[in-house]
Every structure is written in C-alpha cells, then in structure tokens.
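I have placed the structure first, in the form of structure tokens, so that the comments after it can refer back to it.
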Amino acid sequence: MGLGDPSSQTNGSSQFKWILEGVFGRFNYDYDKKYMVELNFREDASSRLNPATNTDFFPSAAVGWRPSEEAFWTGLKEVFPE
C-alpha cells in the first residue's frame, strides 16, 4: 500500500442547508420630550431552532428620562450645562 494506492485513500464530505426567515419591528414613544419608551421585537423561523416549532420570539424594551427637562433642573443648569 503506497501513497498512490486507491485503497488507502478516503474521501468524505458533508453538506448543510440552513433556512432562516425573520421579522422585526420597533415602536418609539416620547412624552413631552422627557420620558421615552422603545419596544422591539424579532421573530425568527430557522431550521436550526427547536424542530417542534422552528420559531422563536426575541422581545426587548428600553426606557429613558431626561431630568434636564424637569422643573427642578432650572437651578442646576449652571452646574450641568447642556
């Protein structure tokens, strides 16, 4: 069995085909330029996820507050300029 002997050679390969589909969205709300809310969602359908459902949902949220817009901030504007 030499280097060129076909009986000592092996050839193997594998092929994977993955499928992915996704939907996403975002909602922003601003009240009086002081309070903010952002809601995000993403739903993915993938052949890599649980075979029973093949979909998963990924929500997220964020909130914000601008204290510089509050009445008590008036006296602090010299200390914290915009």
### Query
Residues of segment 22-38 being outside any loop (DSSP other than H, G, I, E, B) and loosely packed, with under 14 Cβ neighbours inside 10 Å, which ones?
Gly22, Val23, Phe24, Gly25, Arg26, Phe27, Asn28, Tyr29, Asp30, Tyr31, Tyr35, Val37
### Summary
Pro59: passes all of (1) surrounded by 10 or more Cβ atoms within 10 Å (Cβ to Cβ); (2) in a strand (DSSP E or B) but (1)
### Query
Ser68 versus (1) open to solvent by less than 80 Å² (accessible area, probe 1.4 Å); (2) within 28 Å of the chain's Cα centre (by Cα); (3) at pLDDT 85 or above; (4) polar (S, T, N, Q): which is the lone unmet condition?
(2)
### Summary
Per the filter on segment 62-82, residues under 30 Å from Phe41 (Cα atoms), not in a helix (DSSP H, G or I) and not basic (Lys, Arg) are Ala62, Val63, Gly64, Trp65
### Message
Residue under question is Phe41, and the condition is that it be open to solvent by 80 Å² or more (accessible area, probe 1.4 Å) and touching a Gly at 6+ places or on another chain (Cβ under 6 Å); does it hold?
### Response
yes
## Note on the structure
Residues in segment 39-56 that are assigned to a strand (DSSP E or B) and of a type in the set (A, V, I, L, M) total 2
### Task
Determine whether Ser46 is out of contact with any strand residue (DSSP E or B) (no Cβ under 6 Å at 6 or more places or on another chain), of a type in the set (Gly, Ala, Ser) and open to solvent by less than 100 Å² (accessible area, probe 1.4 Å).
no
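The values are calculated or read from the model by the stated rules, or taken from the named source; none is laboratory data. Just so you know, these numbers come straight off a predicted model, no measurement behind them. Virtual Cβ from ideal backbone geometry, glycine too; neighbours counted across all protein chains shown. Heads up: the accessible areas ignore ligands, DNA and RNA and are worked out on the full protein's heavy atoms, side chains in. Shrake-Rupley method; radii C 1.70, N 1.55, O 1.52, S 1.80 Å.
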